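Asker: The structure is given below, and queries will be raised subsequently.
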Amino acid sequence: MNGSHSDDAWMMPHQSLWRPMMAGRRRLRRALPWILFYAIALALIAFWPQHVSNGLGFFFTAITHYLPILTYTRIEFGSNILLFVPLGILLAILLPRMRHLIVPIGFFISLAIESVQGAFLSGRTSSVSDLLANTAGAGIGLLAFELFDRVARKRRASATKAE
C-alpha cells in the first residue's frame, strides 16, 4: 500500500466509500419483509390454477349492473395495474440509483408470468392487455414513490431551513 486516499478508504469502513453499500443493506433489511410478502401474494395470484375472480361472478354482475361503465374487462385491467403498483414502489426503494430500470423490470416480470400462464396453466389465459396493465402498474408505483420522495425531501429541506 502506498498510503493513497483510495487505499485508505478501502481499509477504513467508516469512510464515505462504504456508506452507499451500508445504506443499501439497511434499505434491503427494512424492505425485505414487504418484498417477501408481495412476492408470495403475487405468485399466488399469478400462478393460481384458475382465474382468481372465479366464484365472484355475483360481485362483478352487481358492479356492472350499478356501474355499467365498469365492465369485467375494465375491472380486470385496473386490478392488474393495482397488482403491480407495489412492485414499482418496492423497486424504487431498493434501486435508488437505477430507477430507470423499474419499468423494464416490471415488463419482464409480467412477461414471465404471462408466459408461464400461457404455457403451463390451462385454466388461465395470458394476454397482451395484462402485460400492458402490469407494466403500467410498475410505472405508476415508481411515479407515486418519486412524488412522495420529492415531497418528503422538500419538507425536510424547509424544516432544516426553519431551524
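Asker: Tally time: how many residues in region 109-161 are part of a helix (DSSP H, G or I), exposed (fewer than 12 other Cβ atoms within 10 Å of the Cβ) and not small (Gly, Ala, Ser)?
Answerer: So the answer is 11.
Asker: Here is a follow-up. Given the options Ala152, Ala62, name the one that is without any contact (Cβ under 8 Å) to a residue 60 or more places away in the chain and within 30 Å of Leu32 (Cβ to Cβ).
Answerer: Ala152 is the lone residue from the list that is without any contact (Cβ under 8 Å) to a residue 60 or more places away in the chain and within 30 Å of Leu32 (Cβ to Cβ).
Asker: For region 64-90, which residues satisfy the criterion of being part of a helix (DSSP H, G or I) and of a type in the set (A, V, I, L, M)?
Answerer: Ile75, Ile81, Leu82, Leu83, Val85, Leu87, Ile89, Leu90
Asker: Quick one: what pairs do we get from region 65-81, first residue farther than 13 Å from Leu132 by Cβ, second loosely packed, with under 14 Cβ neighbours inside 10 Å, C-beta under 9 Å, 6+ apart or different chains?
Answerer: What qualifies is Leu70/Gly78; Tyr72/Ser53; Ile75/Ser53; Ser79/Ser53.
Asker: While we're here: For Ile93, indicate whether it is surrounded by fewer than 19 Cβ atoms within 10 Å (Cβ to Cβ), touching a Lys or Arg at 6+ places or on another chain (Cβ under 7 Å) and either in a helix (DSSP H, G or I) or among the acidic types (Asp, Glu) (or both).
Answerer: It is true that Ile93 is surrounded by fewer than 19 Cβ atoms within 10 Å (Cβ to Cβ), touching a Lys or Arg at 6+ places or on another chain (Cβ under 7 Å) and either in a helix (DSSP H, G or I) or among the acidic types (Asp, Glu) (or both).
Asker: What do you reckon, is Ser126 without any contact (Cβ under 8 Å) to a residue 60 or more places away in the chain, over 30 Å from Arg25 (Cα atoms) and in contact with a Gly (Cβ under 8 Å, 6 or more places away or on another chain)?
Answerer: yes
Asker: Scan Arg74, Arg27 and give me the residue that is within 25 Å of Ala144 (Cα to Cα), modelled with pLDDT under 90, of a type in the set (D, E, K, R) and surrounded by 12 or more Cβ atoms within 10 Å (Cβ to Cβ).
Answerer: Arg27
The values are calculated or read from the model by the stated rules, or taken from the named source; none is laboratory data. All values reported here derive from a predicted model rather than from experimental measurement. Positions of Cβ are generated from backbone atoms using ideal geometry, with glycine treated the same way; all protein chains shown enter the neighbour counts.
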